[in-house]
Amino acid sequence: MIKTILALIIASTLSFSAIAADSYTVDPKHTFPSFEINHQRFSIQRGRFNETSGKVLIDRASATGYILISIETASISTGLTELEKHLRGKEFLDTEHYPQIKFISDKLHFNKDQLVAADGVLTLHGISKPVHLTVDHFYCGINLINMKNTCGANATTTIKRSDFGIDKYAQKLADDVYIAIQIEVTKD
């Protein structure tokens, strides 16, 4: 598993340097990956992660790019302190042993110059699996507050938490987790 991840990082690094693209850094004040899960069919429970970092390369002319997103698992926020403590524990995220969630992609899909999807690898709870993100919003322009070139997107997917070894209460608490990643990146 570690060899596979290292090979992916090395291949991604080569791809990273080979792309003649604009380089962007994740804006942590405007990037909050969130999730939704059905709670025993009674309600939809929501939460988000408050600490995200990463890099994005975009070459719209050649319709290529690269994404590396890191999410700090301990930054989970649900509005309920007791629930957050439970979700950080061994039965769920086990933040002590798995402090980050990572998404790496060098397979971006464009419709003309609009990013519409990204295929990559999601590493969660020490397990790496392929994931397809659908991008339903993508915009680049000058941010009128800081006067810097900025891109923003909203990407979504649904994963099975059991695929990542997080299967506690799978009979009562849904296995499907809807993920939405709103992201803003600032040009370097």
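The values are calculated or read from the model by the stated rules, or taken from the named source; none is laboratory data. Here the structure is a predicted model, which is why all the values come from computation and not from measurement. When we count neighbours, we look across all protein chains shown, and the Cβ atoms used for this are built from the backbone with ideal geometry, even at glycine. The area values use the complete protein model at the heavy-atom level, side chains included, leaving out ligands, DNA and RNA. Shrake-Rupley method; radii C 1.70, N 1.55, O 1.52, S 1.80 Å.
Could you run through the stretch 95-110 and say how many residues are open to solvent by 60 Å² or more (accessible area, probe 1.4 Å) and either modelled with pLDDT under 95 or farther than 13 Å from E72 by Cα (or both)?
We begin by selecting, within the stretch 95-110, every residue open to solvent by 60 Å² or more (accessible area, probe 1.4 Å); these are 96-100, 102, 106-107, 109.
Filter once more, so that each one left must be either modelled with pLDDT under 95 or farther than 13 Å from E72 by Cα (or both): 106-107, 109.
Summing the residues that are open to solvent by 60 Å² or more (accessible area, probe 1.4 Å) and either modelled with pLDDT under 95 or farther than 13 Å from E72 by Cα (or both) in the stretch 95-110 gives 3.
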### Query
What tally of residues in the stretch 47-62 results from selecting those that are in a strand (DSSP E or B) and at pLDDT below 95?
2
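Yes or no: the stretch 164-182 includes at least one residue that is of a type in the set (S, T, N, Q), open to solvent by less than 70 Å² (accessible area, probe 1.4 Å) and more than 12 Å from the chain's Cα centre (by Cα).
Just the residues of the stretch 164-182 that are of a type in the set (S, T, N, Q), to begin with: 171, 182.
Adding the requirement that they be open to solvent by less than 70 Å² (accessible area, probe 1.4 Å) leaves none.
Within the stretch 164-182 (the criterion being of a type in the set (S, T, N, Q), open to solvent by less than 70 Å² (accessible area, probe 1.4 Å) and more than 12 Å from the chain's Cα centre (by Cα)), the answer is no, since none of the residues qualifies.
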### Residue list for the stretch 51-110, filter: of a type in the set (S, T, Y), in contact with a strand residue (DSSP E or B) (Cβ under 9 Å, 6 or more places away or on another chain) and within 29 Å of Y169 (Cβ to Cβ)
T52, S70, T73, S75, S77, T78, T95, Y98
#### Entry: Positions within the stretch 43-99 being within 15 Å of the chain's Cα centre (by Cα) and among the β-branched types (V, I, T), in sequence order
T52, V56, I67, I69, I71, T73, I76
### Query
So which residues in the stretch 27-74 are within 14 Å of I179 (Cα to Cα) and open to solvent by 30 Å² or more (accessible area, probe 1.4 Å)?
F32, S34, F35, E36, N38, I44, Q45, R46, R48
### Message
Being surrounded by 13 or more Cβ atoms within 10 Å (Cβ to Cβ) and either in contact (Cβ under 8 Å) with a residue 24 or more places away in the chain or under 23 Å from A155 (Cβ atoms) (or both) is the filter here; which residues of the stretch 85-94 pass it?
### Response
L87, F92, L93, D94
